[in-house]
Amino acid sequence: MSLSLKDVQHVASLARLGLTEEEMETLRDQLSSILEHIQVLNQLDTDAISPTAQVIEVDNVMRDDTVAPSLPQEVVTSLAPRSHNGFIAVPAVLGGADEEGGA
Amino acid sequence: MSELTRITASEARQLLESRAISSAELTEAHLERIRAVDGKVHGYLHVMEEVAREQARAADEARADGTAGPLTGIPVALKDILCTTDAPTTAASKILEGYTSPYDATVVRKLREAGCVFLGKTNTDEFAMGSSTENSAFGPTRNPWNLDTVPGGSSGGSAAVVAAHEAPLSLGSDTGGSIRQPAGFCGVVGLKPTYGRVSRFGLIAFASSLDQIGPFSRTVADTALILNTIAGRDPADSTSVDVEVPDYTAGLPYDLKGKRIGIAREYTVDGMEKGVSEAVDQAIRTLADLGAELVDVSLPHTEYALATYYITAPAEASANLARFDGIKYGNRKEESTLQETYLRTRGEGFGAEVKRRIMLGTYALSSGYYDAYYVKAQKVRTLIKRDFDEAFEKVDAIVAPTSPTVAFGIGSRTDDPYQMYLADVFTIPANMAGIPGISVPCGLSDGLPVGLQFLGKPFDEQGVLSVAHAYEQATDWHTKSPTGLD
């Protein structure tokens with residue numbers, strides 16, 4: 001299993017990770033090598049096996065719909081790197097370059 | 001070293017109850033020990049000196065008022081991936097440098113309500129991703145037994161501070177061995193409870209189907225003591241399970257006579273260190289001498305656990321770490337657009353191993369690869385869990401080495417990610433199956449501790465604690481401490 005630089009760019013873009021050229025080249029080699037090790041799973045025939053996404057059997061966990069205090073707005077917005085009048089301030093949402101086709 | 005830092009938490013409890021010592025004295029002795037040795041060990045990222053003194057004062061008042069409980073006045077260190085309102089929580093990442101949580105993790109709240117004294121936040125691999133604590137953005141922790149070697153990881157800080165007598169108790173988290181493996185490397189006791197036994201609320205999530213919080217201590221009895229307080233269902237964590245929490249301390253005395261202990265041949269691998277095999281073989285003979293019946297069991301899918309883990313954990317991590325985008329909290333590298341801000345914030349805020357796992361996980365979940373990697377890994381996970389289900393029909397517990405080697409040199413495995421991943425080959429299967437596991441010291445190889453691991457049935461923490469306690473009481477490895485720090 002070998003990844004190309006284009007594969008790495010695509011995945012980095014999906015993950016919203018800004019990487020340098022050097023990082024992408026290193027990751028191409030390291031991820032290819034790790035995926036090589038992971039091929040061992042293909043030795044197993046799992047066609048008849050159902051997947052386990054988590055080990056304890058829980059269905060929907062319900063609770064009474066009662067009102068309880070939550071964190072105060074001013075506490076939460078004060079954690080933001082930039083806030084304004086009790087809101088979280090962010091740069092422009094539209095207009096960014098996004099090769100995946102949707103900002 | 002002060003006698004007050006030499007004693008165990010259970011001994012401190014007795015001395016506090018008999019008024020022979022105060023929590024203030026106990027706390028000052030630990031703060032002094034931290035000042036004396038943590039410059040070498042670097043187990044703490046943040047020492048909570050003022051908070052600890054205030055909690056110690058309150059604990060001594062509670063003692064005088066007659067409202068003290070078993071843990072009142074006992075110092076505890078917390079892995080810096082557990083949210084605390086009165087100290088920063090960074091997950092050892094630059095992206096959270098300076099962040100303080102507006103709420104406590106449930107385990108932190110429970111210890112606070114029990115009257116514990118918080119000594120500080122301990123070092124970890126960034127976002128708990130690693131096996132050596134070398135991935136911390138704030139510098140590595142060193143193994144108190146040999147400062148040129150790693151303490152293991154990711155909870156290396158929590159293991160090292162207990163080994164160095166900078167705390168009698170600490171909490172860590174275990175996703176693929178991150179409590180048991182550093183406990184083994186540092187010669188202390190480390191327990192990963194069953195998935196669902198301890199609330200994960202307020203634990204910064206790495207891999208949500210695998211993560212579990214657990215304690216470090218220098219004796220099994222101390223681990224039982226703190227588990228009594230942190231275990232149990234929590235409405236804030238829907239995956240915490242409503243299974244009765246027994247008094248683990250009361251249940252410790254245990255006769256190994258006639259108990260069936262499983263030995264799996266799959267827990268011997270190429271490249272296993274001779275000193276480790278010898279120490280583990282000796283420990284197994286001790287179990288037999290104590291009357292345990294040794295039973296061969298087979299866990300045939302063990303060799304696939306590492307590959308299963310390195311799909312599952314990064315896949316879950318890539319989703320969990322999407323929240324660190326510099327918008328609502330943490331550090332932001334602001335650019336003119338939101339998209340550019342995300343890229344730069346995450347590109348500069350995360351370290352190399354975190355980026356590697358986000359990339360691997362994103363790839364495994366991406367269109368065209370999801371079935372081949374993620375779904376395949378979840379199917380193999382079913383096979384790994386079945387192996388344990390079948391083995392536990394025949395035995396009460398399974399004994400195995402905690403790791404194939406003792407602590408390795410700082411920098412010796414950082415160039416090859418897969419070599420680093422192999423350090424967790426014996427601890428990962430328990431996370432994939434969700435079962436409890438404990439590591440206890442069982443020997444020294446070249447002067448470095450060897451860990452012995454006991455694995456048990458889901459929610460049978462009492463079983464693994466009791467077997468480990470019986471072994472510990474028959475040996476003296478738990479009384480050994482590193483000597484090079486003083």
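The values are calculated or read from the model by the stated rules, or taken from the named source; none is laboratory data. Note that the structure is predicted; figures quoted are calculated from it, not measured. Note: ideal-geometry Cβ built from the backbone for every residue, glycine included; neighbour counts use all protein chains shown.
Things worth noting here:
- Test: A:Ile38 is facing chain B (nearest Cβ under 9 Å), under 25 Å from B:Asp415 (Cβ atoms), surrounded by 11 or more Cβ atoms within 10 Å (Cβ to Cβ) and not acidic (Asp, Glu): yes
- Region B:204-235, subset assigned to a loop (DSSP other than H, G, I, E, B) and hydroxyl-bearing (Ser, Thr, Tyr), residue farthest from B:Gly434 (Cα to Cα): B:Thr219
- Test: residue in region B:124-131 that is outside any helix (DSSP H, G or I) and either surrounded by fewer than 24 Cβ atoms within 10 Å (Cβ to Cβ) or at positive phi (or both): yes
- Among the residues making up region B:132-160, those that are assigned to a loop (DSSP other than H, G, I, E, B) and farther than 17 Å from B:Asp424 by Cα are B:Ser136, B:Ala137, B:Phe138, B:Gly139, B:Pro140, B:Thr141, B:Arg142, B:Pro144, B:Trp145, B:Leu147, B:Asp148.
- Test for B:Leu31: is it surrounded by fewer than 23 Cβ atoms within 10 Å (Cβ to Cβ) and either of a type outside the set (Ser, Thr, Tyr) or in contact with a Cys (Cβ under 7 Å, 6 or more places away or on another chain) (or both): yes
- Selection within region B:330-377: residues that are part of a loop (DSSP other than H, G, I, E, B) and closer than 19 Å to B:Ala137 by Cβ. The member of this set that is farthest from the other protein chains (Cβ to nearest Cβ) is B:Gly351.
- Within region B:393-405, being surrounded by fewer than 23 Cβ atoms within 10 Å (Cβ to Cβ) and under 24 Å from the mean Cα position of the chain (by Cα) holds for B:Asp396, B:Pro404, B:Thr405.
- Number of the exception - B:Ala372 against (1) surrounded by 19 or more Cβ atoms within 10 Å (Cβ to Cβ); (2) aliphatic (A, V, I, L, M); (3) more than 30 Å from B:Gln473 (Cβ to Cβ): (1)
- Residues considered: B:Asp296, B:Asp247, B:Asp281, B:Asp237. Of these, the only one that is surrounded by fewer than 22 Cβ atoms within 10 Å (Cβ to Cβ), in contact with a strand residue (DSSP E or B) (Cβ under 7 Å, 6 or more places away or on another chain), among the acidic types (Asp, Glu) and modelled with pLDDT of 95 or more is B:Asp296.
- B:Phe392 being of a type outside the set (Gly, Ala, Ser) and away from every other protein chain (no Cβ under 12 Å): yes
- Pick from region B:425-443, criterion in a loop (DSSP other than H, G, I, E, B) and β-branched (Val, Ile, Thr), ranking: modelled with the lowest pLDDT: B:Val425
- In region B:295-311, the count of residues that are over 21 Å from B:Ala397 (Cα atoms), touching a Lys or Arg at 6+ places or on another chain (Cβ under 6 Å) and part of a strand (DSSP E or B) is zero.
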